[in-house]
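> Below you'll find the structure I mean.
Derivation of every value follows stated rules applied to the coordinates shown; laboratory data play no part. Not measured: the values here are computed from a predicted model. Cβ sites come from the backbone with ideal geometry, for glycine too, and all protein chains shown count toward neighbours.
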């Protein structure tokens with residue numbers, strides 16, 4: 001079981017997400033608590049506390065629904081807790097990363113106000129660059145190696161492919177979401193199940209030095 005200090009932080013972190021009308025899972029709360037307390041509290045213990053808050057009606061008007069998440073076991077999709085005015089199917093786990101949007105000491109890359117299309121085989125892929133890619137074969141998209149290098153990926157690296165509100169996010173340097181690997185040439189195949197909301201041509205944009213956005 002969680003000790004008293006950890007349980008208190010689980011409750012406070014959950015209520016903070018609720019006060020901000022955020023969608024979240026128990027795993028989001030686990031990551032936040034681990035970051036705040038610098039401990040490795042088991043997710044199963046955090047989940048018990050979060051579930052208890054829901055069943056004892058301490059989550060205001062929040063509802064919950066099981067939603068497939070790219071970083072989770074497809075056979076056991078997590079509960080997404082959400083306010084009734086928000087659609088849980090567009091839940092974005094990236095938005096709840098600890099220190100997301102504030103408190104980070106890492107410099108924020110400058111994103112070009114006018115992105116330019118660059119040949120996908122060109123190695124000079126700057127932040128703000130994008131390329132339009134047609135779907136191939138059974139509907140997958142192959143992200144060229146130059147774009148994967150632009151976010152720091154190397155051949156056979158594990159990366160995260162995560163469905164988000166706007167489309168799909170591909171991220172590096174974030175092991176908690178690493179669910180795919182680049183191939184031997186450093187290309188990345190994004191499968192149709194992650195592209196269901198996108199058109200036959202997909203725009204791939206370098207948004208930071210660790211993130212691509214597919215829209």
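> Treat each spin label as a single point 7 Å out from the Cα along the C-beta direction, and report the residue 165 to residue 20 distance in nm.
1.2 nm
> Under a point spin-label approximation (7 Å from Cα along Cα-to-Cβ), what is the residue 156-residue 184 distance to one decimal in nm?
According to this spin-label approximation, the distance is 1.0 nm.
> Still on this structure, I have one more. Over all directions, the average projected area of the alpha-carbon convex hull for region 130-214 comes to how many nm²?
4.9 nm²
> While we're looking at this one, here's another question. Taking every pair of distinct Cα atoms and averaging 1/r, then inverting, what Kirkwood hydrodynamic radius in Å comes out for region 4-91?
13.1 Å
> To make sure I understand, if each residue's beta carbon is the centre and we count other beta carbons within 10 Å, what order do 94, 151 fall in, fewest to most?
Starting with the residue having the fewest Cβ neighbours, the order is 94, 151.
> Highest mean first, how do 55-61, 181-187 rank when packing is the count of other Cβ atoms within 10 Å averaged over residues?
Packing order, densest peptide first, comes out as 181-187, 55-61.
> Mind sorting 171, 2 by how few other Cβ atoms lie within 10 Å of their own Cβ, fewest first?
2, 171
> With the crude spin-label approximation of a point 7 Å out along Cα→Cβ, what separation in nm comes out for residue 193 versus residue 90?
Between residue 193 and residue 90, the simple spin-label model gives 2.3 nm.
> Moving on. If R0 is 41 Å, what FRET efficiency do you get for residue 203 and residue 51 from their C-beta distance, rounded to 0.05?
Efficiency, from the Cβ-Cβ distance: 0.60.
> Another question about this same structure. Please find the FRET efficiency linking residue 60 to residue 126, where r is the Cβ-Cβ separation and R0 is fixed at 45 Å, and quote it to the nearest 0.05.
E between residue 60 and residue 126, to the nearest 0.05, is 0.55.
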